[in-house]
Amino acid sequence: MKLRELSDMLADCAICGDPDIEITGLATLDAASNGELTFLSNPKYRRLLGTTKASAVIVDLQTEVPDHLAAIRSPHPYLSFAHALCIFHKPAQPPTGIDPTARIAPTAQLGREVSIGPYTVIGEFAQIGDHTVIHSHCSIYPEAQIGRHCLIHSHCVVRERCRIGDSTVLQNHVVIGCDGFGYAQQPDQAWFKIPQTGIASLQDQVEVGAGTTIDRATLGDTVIHKGAKIDNLVQIGHGSSVGENTLLCAQVGLAGSTRVGRGVILGGQVGSAGHLTIGDRVVATAQSGIPSSVPEGAVVSGYPAINNRDWLKSSAAFAQLPELQRELRKLKARLLALEESLGRE
């Protein structure tokens with residue numbers, strides 16, 4: 001594909017350099033070879049522009065590009081790169097139909113042109129939407145509902161009565177609707193399991209990473225709203241709610257009844273106590289611990305999570321504590337010496 005053709009397929013882009021360069025694929029700046037397109041979105045890799053063997057690069061509107069490189073200039077280079085990847089990379093599409101080893105309950109409803117992989121089990125009264133792909137060894141419990149154009153990878157479980165919206169992706173080993181962690185202590189100190197009678201509900205265009213678990217609610221719904229993206233090994237407790245277009249990075253843990261707003265970003269290993277609200281557009285940096293509600297638009301860090309700027313100052317001060325302690329000891333010694341000198345006078 002010529003660079004001109006590719007640029008025409010990407011929104012709001014313009015070419016600098018030879019538009020007739022033949023592009024065969026995409027690669028990173030340091031791994032690209034002749035004929036490949038690369039990209040620059042992080043300024044710390046700008047030095048690689050001078051050494052890359054790529055034929056062209058996707059850059060922003062201001063970055064200077066060496067003479068040996070053609071460029072596609074984009075207001076959003078990383079997004080343009082993602083669209084270019086979609087043009088060159090076509091994911092494997094399993095054949096439409098039901099594998100003979102799959103077990104489909106007679107009351108289950110399957111839409112048009114679905115693909116059901118080997119050894120998958122679909123329970124009574126379950127509903128599967130048109131053009132949905134369910135790979136091997138999945139278990140779809142009775143009365144579960146899965147929308148259209150979904151992609152469910154191997155070894156996923158969608159429990160009874162749970163709902164999955166259209167165009168949703170579940171990566172391998174996701175469990176939707178497992179029992180929430182709810183127990184009441186009895187007089188003899190033993191724990192009585194509280195029945196988890198609710199469901200988990202995922203709206204349209206949600207993606208859930210490998211090994212993530214989303215608990216069903218004790219009562220009502222655990223809800224993941226439209227467009228939310230959830231990374232690997234995330235735990236979402238019963239009765240929680242995750243807002244539209246929110247990102248939960250790897251190993252985030254939400255205790256029960258956590259309310260996460262729209263457009264929130266929780267970095268890796270962020271933990272949240274239950275029964276609190278994280279407002280719209282909050283950013284919590286990696287490994288933050290959130291013990292109480294966070295107002296919308298805040299950027300927080302540390303444990304307990306505080307304003308990010310305050311945390312940065314505190315972290316810098318913490319690193320200086322040994323030196324500050326030495327200085328304090330010296331000052332105390334000088335003060336004692338001064339007091340003794342005055343006392344002798």
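The values are calculated or read from the model by the stated rules, or taken from the named source; none is laboratory data. Since the structure is predicted, the reported quantities are computational estimates derived from the model, not experimental observations. As a convention, Cβ positions derive from the backbone with ideal geometry for all residues, glycine included, and neighbour counts pool all protein chains shown.
Points to keep in mind about this one:
- Tally of residues being of a type in the set (Gly, Ala, Ser) and over 14 Å from His83 (Cα atoms) across region 1-26: 2
- Any chance Thr96 is over 30 Å from Arg112 (Cβ atoms) and without any contact (Cβ under 8 Å) to a residue 60 or more places away in the chain: no
- Subset of region 35-56 (residues that are under 20 Å from Leu10 (Cβ atoms) and either in a strand (DSSP E or B) or more than 26 Å from the chain's Cα centre (by Cα) (or both)): Gly35, Glu36, Leu37, Thr38, Phe39, Leu49, Thr52, Ala54, Ser55, Ala56
- Restricting region 273-289 to residues that are more than 16 Å from the chain's Cα centre (by Cα) and part of a strand (DSSP E or B) leaves a set whose member that is farthest from Ala217 (Cα to Cα) is Gly289.
Each row is one residue, and each column tells you yes or no for (1) in contact with a Phe, Trp or Tyr (Cβ under 7 Å, 6 or more places away or on another chain); (2) closer than 15 Å to Ile134 by Cα.
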residue	(1), (2)
Ile164	no, yes
Gln171	no, yes
Gly177	no, no
Tyr183	yes, no
Gln196	no, no
Ser201	no, no
Asp204	no, no
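- Subset of region 57-70 (residues that are under 30 Å from the mean Cα position of the chain (by Cα) and either not assigned by TED's automatic domain parsing to the domain that holds Ser7 or not polar (S, T, N, Q) (or both)): Val57, Ile58, Val59, Asp60, Leu61
- Residue match in region 160-169 (condition: among the aliphatic types (A, V, I, L, M), within 21 Å of the chain's Cα centre (by Cα) and surrounded by 17 or more Cβ atoms within 10 Å (Cβ to Cβ)): yes
- Members of region 1-25 found to be closer than 17 Å to Lys53 by Cα and among the charged types (D, E, K, R), listed by number: Asp18, Glu22
- When residues of region 9-28 are limited to those that are within 28 Å of the chain's Cα centre (by Cα) and assigned to a strand (DSSP E or B), the one surrounded by the fewest Cβ atoms within 10 Å (Cβ to Cβ): Gly25
- Unmet requirement for Tyr45, which otherwise passes all of (1) surrounded by 13 or more Cβ atoms within 10 Å (Cβ to Cβ); (2) within 22 Å of His89 (Cα to Cα): (2)
- Residue check, Ala56 out of contact with any helix residue (DSSP H, G or I) (no Cβ under 8 Å at 6 or more places or on another chain) and either surrounded by fewer than 14 Cβ atoms within 10 Å (Cβ to Cβ) or of a type in the set (A, V, I, L, M) (or both): no
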